[in-house]
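To start, the structure under review is shown below, and the notes come after it.
The values are calculated or read from the model by the stated rules, or taken from the named source; none is laboratory data. Since this is a predicted model, take the numbers as computed values, not measurements. Every residue, glycine among them, receives a Cβ derived from its backbone with ideal geometry; neighbour counts consider all protein chains shown. Please note that ligands, DNA and RNA were not included when accessible areas were found on the heavy atoms of the full protein model with its side chains. Shrake-Rupley method; radii C 1.70, N 1.55, O 1.52, S 1.80 Å.
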Amino acid sequence: MERHRLIAEYLKSIGILSESQIRNVLKSQAGSGSRLVDLLTGMGFTQIEQLRDLIVSQFTLISLPTFDLEIPFDVLQKIQPEIAYRHRLLPIKFENDVLTIATDDPINLLAQENLEALTKHKFDFILTPEAHMNIALEKHYGGSKNILEAMMSKKETEFEVAFKGIAAETIKQDEREEAPIIKLVTQIISEAVKHRASDIHVEPLEDKFRIRYRIDGVLHEVPGPPKQLQSSVISRLKIMAGMNIAEKRLPQDGRIRIQSMGKDFDLRVSTLPALYGESVVMRILDKSSFMLGLKELGFMREDAERFERLIHLPYGMLLITGPTGSGKTTTLYASLSYINKPNRKLITVEEPVEYQLSGINQVQVKPSIGLTFASGLRTMLRQAPDVIMVGEIRDFETASIAIQAALTGHLLFSTLHTNDAAGAVTRLIDMGIKPYLVSSTVQAIMAQRLVRKICENCKEPYTPTKEELSAMELKPEEARTAKLFRGRGCKECLHTGYKGRIGIFELLMNNDEIREMIVKKTPSTEIREAARRAGMKLLREDGIIKALEGITTLAEVVRITHGYEE
């Protein structure tokens, strides 16, 4: 039986439409070629979502994200752009004379079947979210309508961002003249916050104006404004961030304060002159993310207990290592908040101060006036602090003063850009610090990464393959009972299977054996093995534990830790 007839019989069997109504709908669709969902809506049918779910279940349509697919040009040519837009169809693969087509409208199977007469191919259909289809059609077929017009058609209530400070003042002053651009920029920011993005990338390219959101560490392209609005959008962002709009040759930094969904956010804005215009990146800072407890950061119980003991030490140095974007600042802020008590004085020197913490003295580095990490750290020692946080140790001078601070009764937190925990020892010695000073001051080094968490709304267990079991290096008895989890993909997680991120950690605790190895300048690989004998779990091992507990997927752990142990 044809698919559309199956749908008709199904609608009839569950009493959603009468037989005469179904005949009228099918006759209208055959004559007009309209989408079935439009015809049903026009008849006053309101159970579209219910019907959609029934069809997906009946025909076992699998779901697949399509926002970042690279599709060959010859495959795209299989379906004309006007047909693709009209019937919400995107060809994504052609193999063995079978064309795989993505759609966000499973109700429109009649139009899909009619394609066989046009293209002479057999079809497989998959389901993709509406937001992904919009992006993919825009990306591969060149855009169906001006995004500015789409913004103007939205209701005011959809713009959920309230600006503060300079941004609010400039909007009030200019809203009559520049209302369309204000709404457009507001919508770009609003959508980013709504989708939990950590960054907004506004990038002028040669032939397009690209907007991308970084969600859970992965960049997603969204439909951008027309190229001719590039200058207006960038100028608006610079005004809101308190920048000089006339200066387009030099990089600038600014800040936008907003309130959305009951939360306060800071947008740290950076501009960079590029070949086709100024590139703008906005880091979205959510204060609540810095108020996490140790458990929320992702520590397993044993590591949480160890780390809690470390941050309550009276003196010494605690280093956090990892690449940019691995959550080091969040871990430091959460640690400072945890020990921030009225009987302790805490001072930080940062570049920049990402978020203001109540009760803590925070200093922002300003190299242009001579306020560097080293000079700020040297001065803050005269302020009699108990705990010091240095945003990053970059050079010998900063490292030397930090070592002296740790030796003279201060607890000092800082970060280093190294691949693993043991590598931080070698990095400090390479900077020129004497090995005996490193061994006597460094209490612990923690390497970390961020992995995406499985979406709780669509989480499901599955039996791992032999390859996955091999990658986990489990004991035979553990392998027999091992269960892994994954996300099917749903609206909650934008059909990625992931929602949110959590840390994986490698906590190296200094001991007598390791101190002796540091003094002897032992290679970091041997220091790492000594730390493992003392109970340290490697990043991948900690990640595998979290995969077995259903927090993340094995594929995500392998992706994040690939190559760091070689």
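Filtered by the rule that a residue be under 17 Å from N419 (Cα atoms) and either in a loop (DSSP other than H, G, I, E, B) or open to solvent by 10 Å² or more (accessible area, probe 1.4 Å) (or both), the stretch 540-566 gives R540, E541, V558, R559, I560, H562, G563, Y564, E565, E566. Within the stretch 386-414, the set of residues being open to solvent by 10 Å² or more (accessible area, probe 1.4 Å) and not aliphatic (A, V, I, L, M) comprises D386, G391, E392, R394, D395, F396, E397, S400, Q404, T408, G409, H410. Per the conditions (1) acidic (D, E); (2) under 22 Å from S524 (Cβ atoms); (3) without any contact (Cβ under 8 Å) to a residue 24 or more places away in the chain, the sole criterion not satisfied by E392 is (3).
Checking each residue in the stretch 211-242 for being more than 24 Å from the chain's Cα centre (by Cα) and open to solvent by 20 Å² or more (accessible area, probe 1.4 Å) picks out P226, K227, Q228, L229, Q230, S231, S232, S235, I239, G242.
Looking for something open to solvent by 20 Å² or more (accessible area, probe 1.4 Å), under 18 Å from the mean Cα position of the chain (by Cα), modelled with pLDDT of 85 or more and at negative phi - is there at least one such residue anywhere in the stretch 276-283? Steps first, please.
Step one: list which residues in the stretch 276-283 are open to solvent by 20 Å² or more (accessible area, probe 1.4 Å), which gives 276-277, 279, 281, 283.
If we keep only those that are under 18 Å from the mean Cα position of the chain (by Cα) as well, we get 281, 283.
Among the residues that remain, those that are also modelled with pLDDT of 85 or more are: 281, 283.
Going one step further and asking which of them are at negative phi, we end up with 281, 283.
So far as the stretch 276-283 goes, yes, one or more of its residues are open to solvent by 20 Å² or more (accessible area, probe 1.4 Å), under 18 Å from the mean Cα position of the chain (by Cα), modelled with pLDDT of 85 or more and at negative phi.
Does R515 satisfy the criteria of being in a strand (DSSP E or B), in contact (Cβ under 8 Å) with a residue 40 or more places away in the chain and open to solvent by 60 Å² or more (accessible area, probe 1.4 Å)? Can you show your working first?
On the way: in a strand (DSSP E or B): no; in contact (Cβ under 8 Å) with a residue 40 or more places away in the chain: yes; open to solvent by 60 Å² or more (accessible area, probe 1.4 Å): yes.
No: the conditions fail for R515.
Residue pairs whose Cβ atoms lie under 6 Å apart, sitting 6 or more positions apart in sequence or on different chains, and linking a residue in the stretch 229-243 that is under 13 Å from V269 (Cα atoms) and in a helix (DSSP H, G or I) to a partner that is of a type in the set (G, A, S) and open to solvent by 20 Å² or more (accessible area, probe 1.4 Å), do not occur here. Could you grab me the full set of residues in the stretch 244-277 that are of a type in the set (D, E, K, R) and part of a strand (DSSP E or B)? Of everything in the stretch 244-277, those that are of a type in the set (D, E, K, R) and part of a strand (DSSP E or B) turn out to be D253, R255, R257, K263, D264, D266, R268. Pairs linking a residue in the stretch 323-351 that is free of Cβ contacts under 8 Å to residues at least 24 places away in the same chain to a residue that is open to solvent by less than 10 Å² (accessible area, probe 1.4 Å) and in a strand (DSSP E or B), with Cβ atoms under 8 Å and 6 or more positions apart or on different chains, are N340/L346.
What about A530, is it open to solvent by less than 20 Å² (accessible area, probe 1.4 Å), farther than 27 Å from T329 by Cα and assigned to a helix (DSSP H, G or I)? If you could, list the steps in order and put the result at the bottom.
Numbers: open to solvent by less than 20 Å² (accessible area, probe 1.4 Å): yes; farther than 27 Å from T329 by Cα: yes; assigned to a helix (DSSP H, G or I): yes.
Judged against the criteria, A530 is a match.
Evaluation of T379 against the conditions (1) more than 27 Å from the chain's Cα centre (by Cα); (2) over 19 Å from N361 (Cα atoms); (3) among the polar types (S, T, N, Q); (4) open to solvent by 10 Å² or more (accessible area, probe 1.4 Å) shows that the sole unmet condition is (2).
Can you pull out every residue in the stretch 248-269 that is closer than 21 Å to Q364 by Cα and open to solvent by less than 50 Å² (accessible area, probe 1.4 Å)? Passing the criteria: Q252, G254, I256, F265, D266, L267, V269. The lone criterion from (1) over 30 Å from E492 (Cα atoms); (2) at pLDDT 90 or above; (3) out of contact with any Leu (no Cβ under 8 Å at 6 or more places or on another chain) left unmet by I454 is number (1). Considering K453, K537, K459, the condition of being closer than 26 Å to K328 by Cα, open to solvent by 50 Å² or more (accessible area, probe 1.4 Å) and within 29 Å of the chain's Cα centre (by Cα) is satisfied by K453 alone.
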